[in-house]
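Inspection log for the structure reproduced underneath, given as structure tokens.
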Amino acid sequence: MNWRKVTVALLSGLILTGAWYYRDSLTALTQPSPRREPVALASSSTSTSTSAAATNSNAAPAASPEGKRILAVDNAGIYTGTQPASVPISKESASGRKVVEMLSPEEATKKLRRNEESYLVNRGRGVFRYDVVQIPSNDPIEDDHAEKIIEIPEAAVTEEGVPGSTDWMFWGVFDGHSGWTTSAKLRQVLIAFVARELHATYKAAIADPSQKAPAQDVIDQAIKNGFMKLDNEIVNESVEKVFKSSSKLVAAETLAPALSGSCALLAFYESRSQMLKVAVTGDSRAVLGRMGQNGKWTATPLSDDQTGSTKSEEKRIRAEHPGEDGVIRNGRVLGGLEPTRAFGDAFYKWSYETQTKLKSQFFGRNPHPHLKTPPYVTAEPVITTTKIEPQNGDFLVMATDGLWEMLTNEEVVGLVGKWIEEQKAAAAAQAAAQAAGASSNSVPANGKKSAGWFGGWFGGKKEPEVLPVEESQAEDTSGQRAPVRIRQWGVKKEDERFVCEDKNAATHVVRNALGGKNSEMLCALLTLPSPYSRRYRDDLTVEVIFFGEGDKSGNVEVNEEATAISKQSPPPKDQKKEKDNNNGEVVKAKL
């Protein structure tokens, strides 16, 4: 068996994402700060020399005449190699490595696109499209997401004093930890909780002749109320129900969203005012892409990461719990939880008495030894307000922190900007071909053409020369950490890494986060099974929302060219899962 190591970028850098990222204890870690310290890698005892082609870190994994391409992982790193075709792949080698067959580039692409979705918002109200993709690392995935459009016939007043209709558009990404139940709860009801509070707020404003719309701070408070009421239901009302019941089964089902936790990132766009609100609880991040006068995109973060390493968050928590030196230890709340704001995580919110009572009557764990004055964690979001410019092609990228561990804000915005350039170039080429009478060669195989101001699609792999984005010159004081790759991966030039080959913008970003042009890195990261994959990458959920004026038919439709086949039509009722984000449907409501 011939072994060789994957690039230093993969071996030493990716380990920093950490299998114990959200664990409550650091005692199981072999190093005090595994996400920030390089890992020494021992050479494999079975390593031998390999061919020149095999040592090229950008070479794609391919079937070898000598055998199968395989991947192995152990506590030191990831290794790739070949194994004779006649030898079966064992689950674990004699040296203790987990061994699996390597995905081919085609199989890796199929896995990348398995959960991609794209929707054309033909409303003519400032948003024309949004793309979504999820790549699991945990099994089951702990991330979730939700989208909803609500048409309000009389929610705003024109300058002439006439009530007019508006769309409320919501997009949410939820980064769960210690389980999937909290993020699933947010997907099911968070938008409804926020919409209900906004409904009351707008209704009160419409009833007041002196107002045309609620003040911005009043809208912010309505969103905060929605967040806090839901978390109160998850954490406090649930435990009250449990104490009224003597059933451990009821307790397990009722308390599940409280015992796990989730960050939340919610965007709210009101079409008449063109105001975008971004509410963040935790360390997921939203970044706005906007075209500058020099023809390059600028990246503007619309949220700050909220962790124990964020100076403003540490200052806030220490002020709320004076005299408790251990309230933030090693950048974590009570030395355990990294996000300082989250839904659920009841062990950081329940009183000592509540926790001991639960443990004695039902189940649970002993209260944290440093627990004195809970709650230490809150679900109250921080909200930013941005005036969107649909006519200039603004776009918004929302993602769980797994993406930002691998790419900077500028790289993500630059990648989407380059993707848009490729769309427009392909559309122009298609138009020219049609004008020359060669349109039959430009129509996709399924006979359908792309819609919206992007136009058509590019066909093969194209390598961006330079990302069309302005590099930030300002010092970052938001607590947003530089990606692990920048400090550890040793990547030099962006034109050696990035590619354009996906029709879904979110998938395009994730492909480049996981390796881009370096096909071997991409295939290795996607080959790793759970739970080994969690050492090297987190669950990934990415949404890209494109602002602009598209079709005005009023319908929201699936963009089939950028949507996995399994997502294009709902399954039969007897097979339909609970997940339903109202994609492709506009909900109508009156104030």
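The values are calculated or read from the model by the stated rules, or taken from the named source; none is laboratory data. Quantities reported herein were computed from a predicted structural model and do not represent experimental measurements. For neighbour counting, all protein chains shown are included, and Cβ atoms are generated from backbone atoms with ideal geometry for every residue, glycine included. Heads up: the accessible areas ignore ligands, DNA and RNA and are worked out on the full protein's heavy atoms, side chains in. Shrake-Rupley method; radii C 1.70, N 1.55, O 1.52, S 1.80 Å.
Below is a table of values for the structure above.
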| item | result |
| --- | --- |
| Test: residue in the range 210-228 that is open to solvent by 20 Å² or more (accessible area, probe 1.4 Å), at pLDDT below 95 and among the hydrophobic types (A, V, I, L, M, F, W, C) | yes |
| Any pair with Cβ under 6 angstrom, 6 or more apart, that starts in the range 240-256 at a residue that is closer than 21 Å to K349 by Cβ and ends at one that is part of a loop (DSSP other than H, G, I, E, B) and open to solvent by less than 40 Å² (accessible area, probe 1.4 Å) | A251/F362 |
| Some residue of the range 386-401 being without any contact (Cβ under 8 Å) to a residue 12 or more places away in the chain and either farther than 30 Å from K248 by Cβ or outside any strand (DSSP E or B) (or both) | no |
| Meets criteria (within 21 Å of E142 (Cα to Cα), at pLDDT 95 or above and of a type in the set (S, T, Y)) for T400 | yes |
| In the range 101-120, residue nearest to the chain's Cα centre (by Cα) [restricted to those that are crowded, with 20+ Cβ neighbours inside 10 Å and assigned to a helix (DSSP H, G or I)] | L112 |
| Residue in the range 283-291 that is at pLDDT below 95 and assigned to a loop (DSSP other than H, G, I, E, B) present | no |
| Within the range 493-511, tally of residues that are part of a helix (DSSP H, G or I), modelled with pLDDT under 95 and touching a helix residue (DSSP H, G or I) at 6+ places or on another chain (Cβ under 8 Å) | 1 |
| Residue count for the range 69-100, restricted to those that are among the charged types (D, E, K, R) and either modelled with pLDDT of 85 or more or open to solvent by less than 50 Å² (accessible area, probe 1.4 Å) (or both) | 4 |
| Of residues in the range 402-425 being open to solvent by less than 10 Å² (accessible area, probe 1.4 Å) and not in a helix (DSSP H, G or I), the one nearest to E338 (Cα to Cα) | M406 |
| The range 278-306: number of residues that are crowded, with 23+ Cβ neighbours inside 10 Å and not hydrophobic (A, V, I, L, M, F, W, C) | 9 |
| Matching residues in the range 535-550 - criterion: being open to solvent by 10 Å² or more (accessible area, probe 1.4 Å) and either of a type outside the set (D, E, K, R) or out of contact with any strand residue (DSSP E or B) (no Cβ under 7 Å at 6 or more places or on another chain) (or both) | R535, G550 |
| Which numbered condition E543 fails, given (1) within 20 Å of E107 (Cβ to Cβ); (2) modelled with pLDDT of 95 or more | (1) |
| Contacts under 9 angstrom Cβ, first residue in the range 211-224 being among the acidic types (D, E), partner open to solvent by 50 Å² or more (accessible area, probe 1.4 Å), 6 or more apart | D220/T385 |
| Residue list for the range 313-361, restricted to those being among the acidic types (D, E) and in contact with a Phe, Trp or Tyr (Cβ under 7 Å, 6 or more places away or on another chain) | E338 |
| So P214, is it assigned to a loop (DSSP other than H, G, I, E, B) and not charged (D, E, K, R) | yes |
| Conditions (1) outside any helix (DSSP H, G or I); (2) free of Cβ contacts under 8 Å to residues at least 12 places away in the same chain; (3) among the polar types (S, T, N, Q): number failed by S273 | (2) |
| Residues of the range 307-360 that turn out to be among the basic types (K, R), touching a helix residue (DSSP H, G or I) at 6+ places or on another chain (Cβ under 7 Å) and open to solvent by less than 80 Å² (accessible area, probe 1.4 Å), as a count | 1 |
| Residue list for the range 364-378, restricted to those being open to solvent by 70 Å² or more (accessible area, probe 1.4 Å) and touching a residue at least 24 places away in the same chain (Cβ under 8 Å) | H370, K372, P375 |
| Some residue of the range 517-526 being acidic (D, E), modelled with pLDDT of 85 or more and open to solvent by 20 Å² or more (accessible area, probe 1.4 Å) | no |
| Qualifying residue in the range 542-558 (condition: more than 20 Å from K418 (Cα to Cα), assigned to a loop (DSSP other than H, G, I, E, B) and under 19 Å from the mean Cα position of the chain (by Cα)) | no |
